[in-house]
Amino acid sequence: MSTAITPELLQRHRITDSEYQVILKELGRQPTLTELGIFSVMWSEHCSYKSSKIHLKKLPTESPRVVQGPGENAGIIDIGQGYSIAFKIESHNHPSFIEPFQGAATGVGGILRDIFTMGARPIAVLDALRFGSLDHPRHGARNQRILQGVVAGIAHYGNCFGVPTVGGECVFEDVYSGNPLVNVFALGIVKQDEIFYAKAAGAGNPVIYVGAKTGRDGVHGATMASGEFTKESEKQRPTVQVGDPFMEKLLLEACIEAMRTGAIIGIQDMGAAGLTCSTCEMGSRGNVGVEIDLMHVPQRESGMIPYDIMLSESQERMLLVAEKGREEEVFAVFRKWGLDAATVGVVINENTLRVRNHGEIVAEIPNPALTDAAPLYDRPHNAKPFRTAPMQGPKFASQDLASDLRRLVTSVDLCSKRYIWQQYDHMVRTNTTLGPGADAAIVRIKETGTSVAMSLDGNGRYCYLDPREGTKLIVAECCRNLSTVGALPVAATNNLNFGNPERPEIMAQIVESIEGMADACRFFETPITGGNVSLYNETRTGDTTVAIYPTPVLGIVGLMPTKAPVGLAFRNADRDLVLLGGLGTCDDTRFGGTQYAKHILQDLWGLPPALDMDYEKRVQAAIRQIIAEDLAESAHDLSDGGLAVALAECGFSPNRIGAVVNLDSDLRPEFLLFHEAPSRIVVSTANAARVQEIAAQQGVEATLIGRTQPDRLEIHNRNQELLASSVDELNRLWEGALESYLQA
Amino acid sequence: MKFGVVVFPGSNCDHDCWYSVSHDLGQPAEFLWHDSTNLSNVDAIVIPGGFSYGDYLRCGAIAKFSPIMGAIKKFAAAGGLVIGICNGFQILTESGLLPGALVRNQGLRFICAPVDLRLETTNTPFTSQGSKGQILSIPIAHGEGCYVADERTLDELETEDRVVFRYLKNPNGSARDIAGICNAQRNVLGMMPHPDRASSPLMGSTDGLVVLQSMVASLAGATTR
């Protein structure tokens, strides 16, 4: 019982001296080993948000639609007609580097449980992925294996569980080589009056454990995810859990059925920090306590000590509080689905977590000690956000603009990701009206006639150049993606992926980014209803430490009436092309974060494109009305790669429709074709007059730039040809590129 | 016409089939639990897609031992209409209701994509409302949909006009481009593509409806006769 608490032991638990002093004060005595373990996971960055919390408070979290903001397993918004949607994004970055397949698979599993814990049936998953470059001289082969493993893991879990993976994004940069990012977003549907919360209540009510048995897997996953990577990390493979999507599917069906019995009071999944987190948080949220005896916990292996059981992150487990006397109704449901269910404890009237093992107390901690007393750091951020990129770029002149376009559409970032998303079942549940490869994904809600559009966006380059403006651009783009398919953006979730917050220049990135996000989310009326923070995304090899680009990822949801979707691909020849928002502008500095700078010039400098949020909002209002009036045959927002890439992408369909475009601009050709100024959407229409009228009402430009035509894409400026290309050729190159990178 | 949709632990297209039948086809449908032998007087059985019992051993290998499959075998032997879609097709071959087997896709990866099929025969209760040679666009979503059988069986399927659907562009390496087959009595159909995912314009195709409508027509014919 009396394990000596040595400095080494504290260090292994990543508990600092001052944190340990707080523990001593809160307990009034030395902690047991089990208690130390409990504190270490509850106070880990992953669970406590100790470095980010004071800044996260700056984010807007409310709107009339928000039913549940941050602090629960997922955010919930009201979509009308008695229904709500629950959604959240979560990262599984560290595990996915150590064991790509299981790391990604359990990432999907974890976020799905967060959704159905709230009573919501998951109906869509999207994922934002970042990998090191596939042709990296030293790590290319490894990066390829990580990508293959991650994609197969996501497919394995989502496909078997039966949730469609309907979209996402996948970007490559060397900074992610030792630190890939796997951010998974999930969304579910729930009836307004069937929402469940992770709250215990009613002293004497039984605490029931359901789902998979507990093993030693994942002990200390949360603390692992809260440190930077070293060579040693790879030895932590046993801390990556193994997922069982079939078990999860049974758990979903059983939980939803059990919830319908009316016998369940509160329920929480056992995710990071497993039994510890669920017992402590459920008690603490309900202002009561939970007392459990570990001898009742279903165990997969023998010889587990209380420490292991409390810290295990075995997957596919849930903890619920039922109404006393109605246990049997709950057990019957779990028996039907062939799942373990056992009463492991009871709700108590003290705000305390009490853990016994065969009757003997092994941990007894007041809940506030774990939650309210958790350390909160205002880490120094009085430095310039970290960047080494210069403000001025190289002198350059394109030799061949058509060849530049080919290189861009075959670049690993802009090429077709079909290879990836074709491995995901993106149609199961038959709600997907717009799937992967579109500006935003759309799933219909069969019950209401409403559809939900979703988009995930991040841009490490922009945020590296300017975390504040970069993050605003992400919010703007995410909302633009939704608007481009006709949906009104209503709420957001965020995944903050950054380096080590103990470095002031990294902390400055975090603070700038959060403040930019707060501004933009407030402006676009998309409150943040929850999310995830993943810090310490750095890799140390020898003396050098490489931090990832600051990579906040936004997941925004929008609402629209259910109807046939407007895709991005041109459908017919001889339609007018309107560039809503106009040609935009650019200069040398603002060109440095573009895909052209990256792939053609292999460089990064300057600042991200300039954003006028007010103009952006009006462009979005215009496109939504254009879609609502069925005026657009296709609509596609301009983002990575600018106008030329967007026009090429509009031709990437079996129709092989191109365009002949004549611009009128003073910009140099490289800028005109490839700059990435926001607030622009290309629309093909048979009624350009009405489209322009709507734009005029919103006070935004709507430039008639040309017409669609069969087979060829031609772009001129003032009647001088800039580039011309066969749509079919571009299409083939674009489609085949990713596989050729993977086979190289 | 009452359709019964079987639910195994791990079925995940059960609801899609139910919705397709009850909403897009406009026929009553109910779920049949794997643990039961009671088919509750349904007129036709749908074995939906998914991962029955997790499919950890071999797709459909555990499902064939379930109580409901015993009842379905009797139902089929008595001439009842049974359609197995995706995992349902795998279960039908494992159960011996259809010949051959479905193995790992040639490319070794799961594929989810709309594919074009050729309707090869209208001489089944599942295709009577179509026309021979008709091209249907119906999605697939499987990792193990490569149809294999010995040459004799394949020849037999061809001569007996039991190859019901063929892929225009073979996505998974299936022998002779086979996407769907029926039994000798022609009342049991297995197909890898999902008609349940192609029964509403919102899903991009309604070509799957021909299968369900044919079943209704054939059942109507059987009762009026």
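The values are calculated or read from the model by the stated rules, or taken from the named source; none is laboratory data. Fair warning: this is a prediction, and the values are worked out from it, not measured in the lab. Here Cβ is always computed from backbone atoms with ideal geometry, including for glycine, and neighbour counts include all displayed protein chains.
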Within the range B:65-82, can one find any residue that is within 13 Å of the chain's Cα centre (by Cα) and either within 21 Å of residue A:248 (Cα to Cα) or buried (at least 17 other Cβ atoms within 10 Å of the Cβ) (or both)? yes
I need the full set of residues from the range A:373-396 which are farther than 30 Å from residue A:38 by Cα, surrounded by 13 or more Cβ atoms within 10 Å (Cβ to Cβ) and either of a type outside the set (A, V, I, L, M, F, W, C) or in contact with a Ser or Thr (Cβ under 8 Å, 6 or more places away or on another chain) (or both), in order please. A:385, A:387, A:393
Can you pull out the residues in the range B:48-70 that are within 13 Å of chain A (Cβ to nearest Cβ) and under 20 Å from residue B:4 (Cα atoms)? B:48, B:49, B:50, B:51, B:52, B:53, B:63, B:66
Would you call residue A:352 in contact with a strand residue (DSSP E or B) (Cβ under 7 Å, 6 or more places away or on another chain) and more than 14 Å from chain B (Cβ to nearest Cβ)? yes
Quick one: in the range A:161-183, of everything that is in contact with a Lys or Arg (Cβ under 6 Å, 6 or more places away or on another chain) and surrounded by fewer than 24 Cβ atoms within 10 Å (Cβ to Cβ), which residue is nearest to the other protein chains (Cβ to nearest Cβ)? A:170
What is the number of the single condition among (1) surrounded by fewer than 22 Cβ atoms within 10 Å (Cβ to Cβ); (2) in contact with a strand residue (DSSP E or B) (Cβ under 8 Å, 6 or more places away or on another chain); (3) within 11 Å of chain A (Cβ to nearest Cβ) that residue B:35 does not meet? (2)
Selected residue (criterion: farthest from residue B:142 (Cα to Cα)) from residues of the range A:414-450 that are part of a strand (DSSP E or B) and at the interface with another protein chain (Cβ under 9 Å from one of its Cβ atoms): A:444
Complete set of residues in the range B:193-218 that are more than 9 Å from chain A (Cβ to nearest Cβ), over 16 Å from residue B:22 (Cα atoms) and either assigned to a loop (DSSP other than H, G, I, E, B) or free of Cβ contacts under 8 Å to residues at least 60 places away in the same chain (or both): B:193, B:207
Identify, by number, the condition in (1) in a loop (DSSP other than H, G, I, E, B); (2) more than 11 Å from chain A (Cβ to nearest Cβ); (3) at negative phi that residue B:40 doesn't meet. (3)
Single match in A:579, A:554, A:601, A:559 (criterion: part of a loop (DSSP other than H, G, I, E, B) and among the aliphatic types (A, V, I, L, M)): A:601
Residue in the range B:1-12 that is away from chain A (no Cβ under 14 Å), at pLDDT below 95 and assigned to a loop (DSSP other than H, G, I, E, B) present: yes
Filter the range A:457-481 down to residues that are touching a helix residue (DSSP H, G or I) at 6+ places or on another chain (Cβ under 8 Å) and farther than 25 Å from residue A:387 by Cα, then give me how many there are. 2
Which ones in the range A:535-566 are within 14 Å of chain B (Cβ to nearest Cβ) and in contact with a strand residue (DSSP E or B) (Cβ under 6 Å, 6 or more places away or on another chain)? A:560, A:562, A:565, A:566
What are the residues in the range A:451-473 that are under 19 Å from residue A:595 (Cα atoms) and either within 14 Å of another protein chain (Cβ to nearest Cβ) or of a type in the set (Val, Ile, Thr) (or both), if any? A:471
Keeping to the range A:226-270, report how many residues are out of contact with any strand residue (DSSP E or B) (no Cβ under 7 Å at 6 or more places or on another chain), at pLDDT 80 or above and under 30 Å from residue A:539 (Cα atoms). 3
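Residues checked against (1) within 14 Å of chain B (Cβ to nearest Cβ); (2) touching a helix residue (DSSP H, G or I) at 6+ places or on another chain (Cβ under 8 Å); (3) surrounded by 24 or more Cβ atoms within 10 Å (Cβ to Cβ):
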| site | (1), (2), (3) |
| --- | --- |
| A:120 | no, no, yes |
| A:127 | no, yes, yes |
| A:157 | yes, yes, yes |
| A:185 | no, yes, yes |
Condition (residue is of a type in the set (D, E, K, R), within 18 Å of residue A:267 (Cβ to Cβ) and either part of a loop (DSSP other than H, G, I, E, B) or at pLDDT below 95 (or both)) applied to the range A:337-359: is it met by at least one residue? yes
Of A:330, A:290, the only residue that is surrounded by 23 or more Cβ atoms within 10 Å (Cβ to Cβ) and touching a Gly at 6+ places or on another chain (Cβ under 9 Å) is A:290
Test: residue A:396 is more than 30 Å from residue A:523 (Cα to Cα), away from chain B (no Cβ under 14 Å) and in a loop (DSSP other than H, G, I, E, B): yes
Members of the range A:238-265 found to be away from chain B (no Cβ under 13 Å), over 24 Å from residue A:103 (Cβ atoms) and part of a helix (DSSP H, G or I), listed by number: A:255, A:258, A:259, A:260
Give the range A:65-107 a look and list any residue that's β-branched (Val, Ile, Thr), over 15 Å from the mean Cα position of the chain (by Cα) and at pLDDT 95 or above, or say none. A:66, A:67, A:76, A:77, A:79, A:85
Do we have residue B:161 as surrounded by fewer than 21 Cβ atoms within 10 Å (Cβ to Cβ) and of a type in the set (Asp, Glu) here? yes
Do we have residue A:470 as assigned to a helix (DSSP H, G or I) and either on the phi > 0 side of the Ramachandran plot or surrounded by 23 or more Cβ atoms within 10 Å (Cβ to Cβ) (or both) here? yes
Could you tell me whether residue A:657 is β-branched (Val, Ile, Thr), in contact with a Pro (Cβ under 7 Å, 6 or more places away or on another chain) and within 22 Å of residue A:408 (Cα to Cα)? yes
Subset of the range A:343-364 [surrounded by fewer than 16 Cβ atoms within 10 Å (Cβ to Cβ) and in contact (Cβ under 8 Å) with a residue 12 or more places away in the chain]: A:349, A:350, A:358, A:359
Within the range B:106-126, restricting attention to residues that are free of Cβ contacts under 8 Å to residues at least 40 places away in the same chain and part of a loop (DSSP other than H, G, I, E, B), which residue is nearest to residue B:182 (Cα to Cα)? B:122
Go over the candidates A:189, A:208 one by one and state the one that is part of a strand (DSSP E or B) and within 14 Å of chain B (Cβ to nearest Cβ). A:189
Which of the residues belonging to the range A:165-186 are part of a loop (DSSP other than H, G, I, E, B) and more than 29 Å from residue A:38 (Cβ to Cβ)? A:173, A:177, A:178, A:180
